[in-house]
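Chemist: One structure coming up, written as C-alpha cells, with questions to follow.
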Amino acid sequence: MTTGAHTALAPARARTASATATVRRKQGFQHGGWFVAPFLALFALFVIWPLLRGVYLSFTDANISGDGASFVGLDNYREALNDSAMWDALGHSAYFTLLVVPCITVLAFLLAMLAHNIERGKWLWRLCFFVPFLLPSTVAANMFQWLFTQGIGLINETFGLTTPWLTDKSYAMLAIVIETLWWTVGFSFLLYLAALQGIPDHLYEAAKLDGANAWHRMVHITLPMLRNITGLVITLQILASLQLFDQAVVMMDFSPGPELSTRSFVQYTLEQGFTSYRVGYASAMSIIFFVIIAVVALARMWLLRNREEGGR
C-alpha cells in the first residue's frame with residue numbers, strides 16, 4: 001500500500017513542481033522586464049522608429065524640409081538601381097572592404113601573438129597597439145591627412161618619396177586603407193589577445209613533448225582554437241568597412257576625392273539627402289544598403305554554422 005501511495009502521489013508532485021516552476025518563470029519575467037524596459041524604449045525610439053520612418057520616406061518624394069511629400073511607389077528604388085554613380089560608390093566601399101579586412105585580420109593576429117609571447121614590457125606593447133583605437137575618427141583622419149600631404153607630409157619626407165597620396169586616384173584609397181589599419185587594428189588585436197589567453201597551456205606542453213615545433217603548434221593548435229574569433233573579426237570588419245565614411249571624408253577635405261575615387265556609398269547617400277535635398281531618394285538608397293549589409297551578415301552566419309556542423 002505504501003508503494004501504491006507513493007506511485008499515486010508522484011504525478012501530483014510532478015504537476016505541482018511544474019506549476020511552481022512556471023510561476024517562478026513568470027515572476028522572473030515580470031521583474032526582469034522592468035530592468036530591460038529602458039533599453040527597449042530607447043532601442044525603439046532611436047533604431048526601430050527611424051528604420052520604419054526611413055522605409056516610409058523611401059516610397060515618397062520627400063525633400064529636406066519635409067513638406068509636400070507625395071507617394072511615388074517604387075520609383076526611388078528603380079532610379080537607384082539604374083544610378084551608375086550609386087554603383088560606383090558601392091564599388092568603392094566594396095574595394096575598400098576587400099583591402100582592409102584581410103590586412104587587419106592578419107595584422108591583428110600577428111600583433112596579438114607578439115604581445116602574448118613577449119616576455120618583457122607586455123603592458124607597454126598592449127597599450128601601444130590598442131591606444132590608436134581610442135582616438136576619435138576625425139583626430140586619426142586629420143593626423144594622417146597631414147602625414148600624407150605632399151611636400152610637408154612626414155611619410156614622403158621620411159622615405160624620400162614624391163607620391164601624391166591624397167591628390168591621385170591611384171593612391172587616395174590606399175592612403176585611407178593605411179589610416180584605417182593603424183586606427184582600428186587595436187579592437188581586433190584585443191579580441192585575438194583575449195582568445196590567446198584562453199587557450200590551455202597543457203595543449204602546447206603536450207605538443208612540445210610530441211616534438212612539435214613552434215610552426216606546428218601555431219598551425220595545429222593556435223589557429224584552430226582561434227577559428228571562432230577569426231570569424232567574428234572578419235564579420236565585424238566587413239560590416240564596419242562597408243560603412244566607410246568618416247576617414248574618407250575628413251582626409252579628402254570633405255570632398256569625394258580625386259575623380260570621385262574615394263566616394264563611398266554612405267557619402268553618396270548623404271550627398272543625395274543633404275546636398276541635393278532628395279530625402280526620399282536617399283532613404284531608398286539607405287534601405288538598399290541595409291539589405292546588402294543584412295545579406296552579408298546572414299551569409300557569414302550561415303557559412304559559419306555550416307562549417308561548425310561539418311566539423312562535428
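The values are calculated or read from the model by the stated rules, or taken from the named source; none is laboratory data. Bear in mind that the values here come from a model prediction, so they are computed numbers and not experimental data. Please note: Cβ atoms are built from the backbone with ideal geometry, for glycine as well, and neighbour counts cover all protein chains shown. Heavy atoms of the whole protein, side chains included, go into the accessibility calculation; ligands, DNA and RNA do not. Shrake-Rupley method; radii C 1.70, N 1.55, O 1.52, S 1.80 Å.
Chemist: How large is the charge dipole for the range 142-292, taken about the Cα centre, if only the Cβ atoms of Lys, Arg (+1) and Asp, Glu (-1) carry charge, to the nearest 20 debye? Each step should come with its number before you reach the end.
Modeler: Details: 6 positive and 10 negative charges, 66 e Å.
Roughly 320 debye for the range 142-292.
Chemist: Oh, and also: Quick one: ranking 113, 301, 251 by accessible area, 1.4 Å probe, largest first, what do you get?
Modeler: Working: 113 40, 301 110, 251 5 Å².
In descending accessible area the options line up as 301, 113, 251.
Chemist: Using helices alone, I'd like the mean residue ellipticity at 222 nm for the chain: each DSSP H run of four-plus residues gives -39500 (n - 2.57), total over residue count, nearest 500. Before the final figure, lay out the partial values.
Modeler: Values: 14 runs with 226 residues, N = 312.
It lands at -24000 deg cm²/dmol.
Chemist: Taking the Cα centre of the chain as the origin and placing charges on Cβ (Lys, Arg +1; Asp, Glu -1), which of 113, 287, 81 is farthest toward the positive end of the dipole?
Modeler: 113
Chemist: Also, quick follow-up: Taking R0 as 35 Å, what's the FRET efficiency between residue 36 and residue 64 from their Cβ-Cβ distance, rounded to 0.05?
Modeler: Details: r = 36 Å, r/R0 = 1.02.
About 0.45, to the nearest 0.05.
Chemist: Over the range 163-312, what number does the Rg to Rh ratio reach, with both radii from the alpha-carbon atoms and Rh per Kirkwood? If you can, show how the numbers build up before the last one.
Modeler: Values: Rg = 21.0 Å, Rh = 18.7 Å.
Using Cα coordinates only, the ratio equals 1.12.
Chemist: Enumerate the helices in the chain for which the Kyte-Doolittle hydropathy averages 0.5 or more and the C-alpha atoms extend at least 27 Å along the helix's axis, using complete DSSP H runs.
Modeler: Numbers: long enough: 2-43 (59 Å, 0.07); 84-117 (50 Å, 1.35); 169-197 (42 Å, 1.25); 279-311 (48 Å, 1.08).
Helices meeting the criterion: 84-117, 169-197, 279-311.
Chemist: Something else: Given a 1.4 Å probe, how much area per residue of the range 223-281 is accessible, in Å²?
Modeler: Working: 2610 Å² over 59 residues.
Result: 44 Å² of accessible area for each residue.
Chemist: What number comes out for accessible area per residue over the range 38-168 if the probe is 1.4 Å? Units Å², please. Let's see the in-between values first.
Modeler: Working: 8150 Å² over 131 residues.
About 62 Å² of surface per residue is accessible.
Chemist: Leaving out ligands, DNA and RNA, what percent of the accessible area of the chain is carbon and sulfur, probe 1.4 Å? List each step's numbers first, then the result.
Modeler: Working: 12850 of 18990 Å².
It is 68 percent, rounded to a whole number.
Chemist: When the convex hull of the Cα atoms of the range 181-243 is projected onto a plane and the area is averaged over all directions, what value comes out in nm²? Each step should come with its number before you reach the end.
Modeler: On the way: hull surface 19.0 nm².
One quarter of the hull surface, i.e. the mean projection, equals 4.8 nm².
Chemist: While we're looking at this one, here's another question. Once ligands and nucleic acids are excluded and a 1.4 Å probe is used, how much of residue 159 is accessible, expressed in Å² to the nearest 10?
Modeler: 150 Å²
Chemist: If you bin the C-alpha pair distances of the range 31-89 every 10 Å from 0, what whole percents do you get?
Modeler: 19, 30, 28, 15, 8, 0
Chemist: Another question, then. Note the full-extension length gain between residue 296 and residue 87 as 0.36 nm times their separation in residues minus their Cα-Cα distance, in nm to one decimal.
Modeler: Details: separation 209, 0.36 × 209 = 75.24 nm, distance 1.69 nm.
Separation in residues times 0.36 nm, less the Cα-Cα distance, equals 73.5 nm.
Chemist: Shifting gears a bit: Residue 53 accessible area, nearest 10 Å², 1.4 Å probe?
Modeler: The value for residue 53 is about 110 Å².
Chemist: In what sequence, highest mean first, do 124-137, 90-103 appear when ranked by Cβ atoms within 10 angstrom?
Modeler: Working: 124-137: 14.6, 90-103: 18.1.
Most protected by this proxy first, the peptides run 90-103, 124-137.
Chemist: How large is the charge dipole for the chain, taken about the Cα centre, if only the Cβ atoms of Lys, Arg (+1) and Asp, Glu (-1) carry charge, to the nearest 20 debye? Let's see the in-between values first.
Modeler: Values: 20 positive and 19 negative charges, 372 e Å.
Charge dipole, the chain, about its Cα centre: 1780 debye, nearest 20.
Chemist: Over all pairs of distinct alpha carbons, what does the Kirkwood formula give as the hydrodynamic radius of the chain, in Å?
Modeler: Working: mean 1/r = 0.0415 Å⁻¹.
Kirkwood radius, the chain: 24.1 Å.
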